[in-house]
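S.K.: Let me begin by handing over the structure; questions about it come next.
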Amino acid sequence: MVHSVAAPAAGHDAADTRLAWRARVAALLFALLVAALAGLVVAFAISARGANRQFTQASLSERQAAVVARIVALAPAGQGPALERALADYRALVAEEVGLARGPTLTREQIRADALVQLARTPGAQMRLEALARTIDGQENGELQAGRRALARAGQRSMVLAGLLAAVALACAACGAWLLWRSNRALAAMVKARTARIAAVDASRRLFFAKVSHELRTPVAAVRSAAEVALDQPDADPHLLRETLGHIVAQAGFLTHRIDELLGLAAADDGRLALASAPFDLGKVVAEAVAAARPYAASVDVAMALAAPACPLPMMGDARWLRQALLAVIENGIKFSPMDSALCVTLMPADGVAEVVIHDRGPGVMEAELPRIFDAYYQTHEGRQRGGSGLGLALARWVAERHGGSVQAANQPDGGCAIRFRLPLQDGAA
């Protein structure tokens, strides 16, 4: 049996997925760092604005304390231009502070400022004026100290935020550089992998077409040789001519099967078969595959035997391509069967699964080579001697797997090699 196969090139989907996942993680990390940087910028801006307000209020409190000290110094002398100017300055400072922010404290300061001005303009109220001025002076000094402490705390917060901002900015820059490096590296690896894949596909196609050309050349040469022999004998025996035509028909059928396989694979995406799904009788498909191979078997003096149950075996899938897969394995078995031998095809249903066994009487396969006979373009020594495209067993495996089944090869104790299909029947039929 021919032990040459073709298998689809190994995919790189897993590697591409890993690269894409790493890129997404890096992009997410970079986005988080950028978001943290933006948050720190906003926090720093708010902190700086608060510190600026604290500084302005502290400055106003300091100026108010200085003006109130002037009022305290001028109060014993009574009303005069200097006291009036000091009172006017104090009211202006209080108004400026009220413009910054309103609150109960600022309202009380306005009331005290109005009371201070009223006492300054009231004759004989110097004692009360001085006492109120001293009270206000103490409060302003207290506010000044509180403002300075608040300003110091705001400065510390701003310094901490500035440090964090610088650290996150550096982290963003480092992450961005790392992300760019990783992206470039991933892109280079992807380009290298896909270039290697294209090169492998190109080499595979060259090898495939070389093998196909070799396999198709053999039956074409046989057809031409038989036709030339018949034409060179104008008075040939009709029985001999009929036998020659039988050989020509058998080889033409073999060619048709190979061409059907090639056309099917050419129409499939990525070298994989596009199969239909419809109910059919597996027993009928096996019988049709055996019948299609009989002319070729007869042309090389190989008998064929089919053992199958009479009851239908319902199955879902593509009957045409399953028949083509079975036919490819049967024809391989015929090619490697000795003359005057028999090739047996057995169909055995059991427990919702059907087994199709194709047993030839050929030389078999070395045990070390059995695991590899379904590899891409692998051929045993015997297979290389007899030619082949490496298509038949690959087709069998693809079709079996697409139907939810499997196919295996094993040497038999009584000689030859057996290809065993395991296919699921519809609705657990047995």
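The values are calculated or read from the model by the stated rules, or taken from the named source; none is laboratory data. It should be emphasised that the depicted structure is a prediction, and the values quoted were computed from it without experimental measurement. Here the Cβ positions follow ideal geometry from the backbone for every residue, glycine too, while neighbour counts run over all protein chains shown. Remember, those area values only see protein heavy atoms, side chains included, never the ligands or the DNA or RNA. Shrake-Rupley method; radii C 1.70, N 1.55, O 1.52, S 1.80 Å.
S.K.: Does segment 287-310 contain at least one residue that is on the phi > 0 side of the Ramachandran plot, modelled with pLDDT of 85 or more and in contact with a helix residue (DSSP H, G or I) (Cβ under 9 Å, 6 or more places away or on another chain)?
M.R.: no
S.K.: Are any residues in segment 318-336 outside any helix (DSSP H, G or I) and open to solvent by less than 10 Å² (accessible area, probe 1.4 Å), and if so, which ones?
M.R.: Of everything in segment 318-336, just one residue is outside any helix (DSSP H, G or I) and open to solvent by less than 10 Å² (accessible area, probe 1.4 Å), namely Phe336.
S.K.: Just a yes or no: is a residue in segment 329-344 farther than 22 Å from Ala250 by Cβ, more than 35 Å from the chain's Cα centre (by Cα), at pLDDT below 90 and among the acidic types (Asp, Glu)?
M.R.: There is no residue in segment 329-344 that is farther than 22 Å from Ala250 by Cβ, more than 35 Å from the chain's Cα centre (by Cα), at pLDDT below 90 and among the acidic types (Asp, Glu).
S.K.: Being modelled with pLDDT of 90 or more and small (Gly, Ala, Ser): is that true of Ala350 here?
M.R.: no
S.K.: Hey, could you check segment 244-261 for residues that are under 38 Å from the mean Cα position of the chain (by Cα) and open to solvent by less than 40 Å² (accessible area, probe 1.4 Å) and say which is modelled with the lowest pLDDT?
M.R.: Glu261
S.K.: Pull up segment 337-358, narrow it to residues that are within 16 Å of Val407 (Cβ to Cβ) and without any contact (Cβ under 8 Å) to a residue 60 or more places away in the chain, then point me to the one that is most open to solvent (accessible area, probe 1.4 Å).
M.R.: Met348
S.K.: Also, I was wondering about something else. Is it the case that some residue within segment 217-227 is at pLDDT 80 or above and surrounded by fewer than 15 Cβ atoms within 10 Å (Cβ to Cβ)?
M.R.: yes
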